[in-house]
Structure formats: C-alpha cells, structure tokens
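Worksheet for the structure shown next.
What follows draws every value from the coordinates through simple rules; no lab data is involved. Nothing here was measured: the structure is a model prediction, and the numbers come from that model. Don't worry about glycine lacking a Cβ; one is built from the backbone with ideal geometry, like all the others, and counts go over all protein chains shown.
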Ligand SMILES: C[S@@+](CC[C@H](N)C(=O)[O-])C[C@H]1O[C@@H](n2cnc3c(N)ncnc32)[C@H](O)[C@@H]1O
C-alpha cells in the first residue's frame, strides 16, 4: 500500500475541507505555537526553509517574511485544498516570489539533498506511517548542520485540548470507541510524560 495513503485521503477530503473552512479559527488557536516555533527557529535573512505539513501556509508565510527576498521557503503538504489556501495566502502577503508549495508526502518526496538550512513544522510531523523513514528523508533534505524545529502534540491523554472534550463525551455517552490507527494519537505512537505539546529542536 502507498505510504500514508489513509492520511493523504483524509486530508484531501473531510479533514482538508474542514481545515480550509475553519482556517481563521485554527490560525487563531495555533498562533501561539507558531510564535514559539519561529522564535526557536531563529531564522536569518537569506536562509532556505522547509515547512513540513504546511497546511494553509501560516508558518510558511511568516518564515518567508523573516528570511526576506534573498531567502526561500518550501511548503510541503499532501492536502490540495490546504495548499490552494496557502498559495492564496502567500500571494496576498506579497511573498509569493520566494515561496513554493509542493503537493507531496514529506515521508517519501525526493527533496534536493542538503538544500535546506532549516526544517520546521507546526503540527505537521505527527501523522507519518513510518516516522523513522520520514525523519531520515527530512534529514537528507537539510544541509549538514541544518536545524530541525517543530511543535507537535503529545498523546491524547496528556493533552487537555483532546482529553477534556473526550471526558465530557464519556460522561454523557459512556464508553467511547478507541481512536483509530490513522490517528496521531494511536497507541503505537504514544510517548510518555505529561504536557499538552512539545517543542523539539535539533542541530
Ligand atoms: C494539523 S495540520 C497543521 C497544518 C499547518 N502546519 C498549521 O499549523 O496550520 C497537519 C498538516 O499535515 C499535513 N500532512 C499530513 N501528513 C503529511 C505528509 N505525510 N506529508 C506532508 N504533509 C502531511 C496535512 O495535510 C495537514 O495540512
């Protein structure tokens, strides 16, 4: 089966349409995480940046503004509806000349090796079928000494955004079915510890 087939299908159907429709609300909700992400990335003018799972392009466009006209930013995503929104956003922000969007699976896409100073992501790195393969692919895309900065959710139980509504539903409706294997919260991806999200940086 094609890697990430279920995720790709979902983000080109209901999930992608939902995120496109509620883009402004998601932008407001996720803005603090984007601010933290970009602060940690310490982007410099002229740098080349890869934004993984860029969605509708909020962080792609913010990164493009920071790297300036001599820099470049690639947004990669599997969702055509969200990439269409991202292209509109980049053009609207006047940074379309230094941004390109690639409709591809970041786990398998053949990026030019060593071509990015920075690989970053706001909640776009947690849905891979095969995380080791995906991170190896992203490492190949980064130049030697390049930086990886991302923010990602922890498992659902440790995350109030998800755990509290689930508890409320559980109280009203009784036992809920387990989250499916296509979910980022599936048990085989579970980490440990507490806290709702984690920012990771690497050099
Ligand atoms: C939770 S959304 C985050 C979107 C965006 N980064 C933001 O903060 O608004 C996750 C994004 O990852 C994308 N995605 C999921 N799996 C992917 C993959 N294998 N390769 C590239 N993008 C992927 C989805 O299409 C979706 O746009």
Response to the item:
Flagged in region 94-108 as within 16 Å of the ligand (Cβ to nearest atom) and either under 13 Å from residue 56 (Cα atoms) or in contact with a strand residue (DSSP E or B) (Cβ under 9 Å, 6 or more places away or on another chain) (or both), in numbering order, are 99, 100, 101, 102, 103, 104, 105, 106
Practice prompt. Quickly run through region 43-61 and pick out the residues that are within 12 Å of the ligand (Cβ to nearest atom), on the phi < 0 side of the Ramachandran plot and in a loop (DSSP other than H, G, I, E, B).
Written response: 54, 56
Discussion item. Can you say whether residue 111 is touching a strand residue (DSSP E or B) at 6+ places or on another chain (Cβ under 8 Å) and surrounded by 15 or more Cβ atoms within 10 Å (Cβ to Cβ), as far as the supplied structure shows?
Written reply: yes
Worksheet item: In this structure, is residue 76 surrounded by 16 or more Cβ atoms within 10 Å (Cβ to Cβ), more than 9 Å from the ligand (Cβ to nearest atom) and free of Cβ contacts under 8 Å to residues at least 60 places away in the same chain?
Response: no
Discussion item. For region 112-129, give me the residue count where each residue is within 16 Å of the ligand (Cβ to nearest atom) and part of a strand (DSSP E or B).
Written reply: 6
Fill in: One residue from 85, 90, 64, 40 being out of contact with any helix residue (DSSP H, G or I) (no Cβ under 6 Å at 6 or more places or on another chain) and either in a helix (DSSP H, G or I) or crowded, with 21+ Cβ neighbours inside 10 Å (or both)
40
Worksheet, complete the sentence: Taking region 130-181 and keeping residues touching a strand residue (DSSP E or B) at 6+ places or on another chain (Cβ under 7 Å) and within 12 Å of the ligand (Cβ to nearest atom) leaves 138, 150, 151, 152, 153
